[in-house]
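Shown next, in structure tokens, is the structure this report addresses.
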Amino acid sequence: MDNIGLLMIYANFHEGMSDAEMFRQETELGVLAEEVGFDCAWVPEHHFDVYAESPDNLQTLSYLAGRTSRIKLGTGAVILPWNSPLRVVEKLLMLDHLSNGRAVFGMGRGLAAVEYEGFGIDMESSRARFDEAAPMIIRGLKTGIVEGDGPYYPQPRVEVRPAPDPNRPWEDRIFGVAMSPTSVPPVAENGATMMTFIQYEVSKHAESVNEWRRLYREHHGVQPPPVMTLDACYCHQDPEEAERVARKYMTRHFTSIIQHYDMAGNHWRSTKGYENYQQDAEIIQAAGMEAAAAGYPDTQVFGTPEQIIELYRERMDVLGEYSPTIQPSFGGMPFPMVRESVRLFADKVIPELRKMTTKTVIGV
């Protein structure tokens, strides 16, 4: 395995901690990630909620570019419907030059109604906006030319400065979040590596992963890169303590996800482009919030280093080749505990992940 990542979510559920202090401490995890041996630090884009206080991931990554020298710097993700394609290209190229070629572009279309409402953008236009913006941005990163004649982002042909470095190709540095069946095809068509947050038993994710691989080969005529998986992670030497802490804070994290995205609501079936989320909402409704939250940690990563290594090995049997990214800070877990978990994961787990060999999985 390679491209082992660390995701900073910037959630402020820390009792008595200001947003400013939380933001500083969360950002320091990106510096720690390089120090202990991770390959990529990822920062999301979110707005208007303590769930994730990260309104400009490219600004944060530019700061990290100055604090680090080796680690790749990924947007996890830029939400295309909320951004000008031209400005995304300009900012990404600036980050790439400042970091000497370490920028990684992850893109998504967004899922929270509260964020769409805050920007005054019709959520039902998200798919059309994404489909229009994604190829504009990718072409711009590769050529330095941004232009478009679509209804959402009409753009006269412009040549951006600073221009892209022709010696630093973008082909293996473009990622796309795919959390629904309708998101898989555009990610594959745009030549992006699939990013998926683990939400269920990993076997339930295999179908969409394999479909992305099939479409990627169909559109580009080459084998796809390893899919990127993301989930919450807590690592501790004592298995009982690992489980106790993980269940406490992962349950809180799950509750914040449900609240931020209104995942248990009934609006999904009437929101164009998001209808498939209604099935998940009904599952949560049927199980009850408490039961759903209690089951969430079982889909994530926690335990001793040995337990976590075995879990990742079992996932490989199901998913085939993949690159794991962990979110170590969630649910208000105290930062000293977060840092200890990150250091232990890096010391004991990462070396074993790098030794794992790809297994052939039927259908992939």
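Summary of values
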item: Proximal charge balance of Phe197 [Cβ under 13 Å; K/R count +1, D/E count -1]; result: -1
item: Those lysines that a straight Cα-Cα span of less than 24 Å connects to Lys72, excepting residues fewer than 8 apart in one chain; result: Lys91, Lys142, Lys348, Lys355
item: Span from the the stretch 34-64 Cα centroid across to the the stretch 287-302 one, whole angstrom; result: 26
item: Convex hull (Cα only) mean projected area of the chain, reported in nm² to one decimal; result: 17.3
item: Protein-only accessible surface order, largest first, of Lys91, Lys204 at 1.4 Å; result: Lys204, Lys91
item: For Gln155, distant residues with modelled amide H under 5 Å away; result: Gly148, Asp149, Gly150
item: Computed over the chain: relative contact order in percent, which uses C-alpha pairs under 8 Å that are six or more apart; result: 19
item: Dipole of the chain [Lys/Arg +1, Asp/Glu -1 at C-beta], most positive-end residue of Val222, Ile71, Val31; result: Val222
item: Pair-distance profile P(r), taking every C-alpha pair of the stretch 164-321, with 5 angstrom steps and integer %; result: 1, 8, 15, 17, 17, 17, 12, 8, 4, 1, 0
item: Long-range amide H partners of Ser323 with built H, under 5 Å; result: Val227, Met228, Thr229
item: Ranked order, Met195, Met337 - accessible area, probe 1.4 Å, largest first; result: Met337, Met195
item: Accessible-area order (highest first, 1.4 angstrom probe) of the listed residues Trp268, Trp82; result: Trp82, Trp268
item: Hull volume in cubic angstrom per residue (convex hull over the Cα atoms of the stretch 252-350); result: 129
item: P(r), alpha carbons of the stretch 36-135 - 10 Å bins starting at zero, rounded %; result: 15, 46, 29, 9, 0
item: Most mobile of Pro166, Pro55, Pro181 in a GNM of the chain (Cα contacts under 10 Å); result: Pro166
item: Max mean-square fluctuation residue, GNM over the chain, Cα-Cα springs under 10 Å, options Val187, Val78, Val158; result: Val158
item: 5 angstrom amide H check on Tyr234, placed H, neighbours 5+ away; result: Val301, Phe302, Gly303
item: Per-residue SASA entry for Val89, accessible area with 1.4 Å probe, Å² rounded to 10; result: 0
item: Environment charge at Asn266 (Cβ cut-off 13 Å; Lys +1, Arg +1, Asp -1, Glu -1); result: -3
item: Estimated vicinal HN-Hα couplings, Hz - the stretch 32-38 in sequence order (Karplus 6.51, -1.76, 1.60; Gly, Pro = x); result: 4, 4, 5, 4, 9, x, 6
item: Accessible surface of Arg173 - all protein chains present, 1.4 Å probe, nearest 10 Å²; result: 20
item: Å³ per residue enclosed by the Cα convex hull of the stretch 142-253; result: 196
item: Accessible area expressed per residue, the stretch 213-285, with surrounding protein chains retained (probe 1.4 Å, Å²); result: 48
item: Karplus (6.51, -1.76, 1.60) ³J(HN,Hα), θ = phi - 60°, over the stretch 134-140, in Hz, Gly and Pro reported as x; result: 4, x, 4, 5, 4, 4, x
item: Within the chain: Cβ-based charge dipole about Cα centre, in debye rounded to nearest 20 (Lys, Arg +1; Asp, Glu -1); result: 900
item: Accessible surface of the chain [probe 1.4 Å, protein heavy atoms]: carbon and sulfur percent; result: 51
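The values are calculated or read from the model by the stated rules, or taken from the named source; none is laboratory data. Everything quoted here is computed from the prediction, not taken from an experiment. For neighbour counting, all protein chains shown are included, and Cβ atoms are generated from backbone atoms with ideal geometry for every residue, glycine included. Each accessible area value is taken on the protein alone, full model and side chains, heavy atoms only, with ligands, DNA and RNA left out. Shrake-Rupley method; radii C 1.70, N 1.55, O 1.52, S 1.80 Å.
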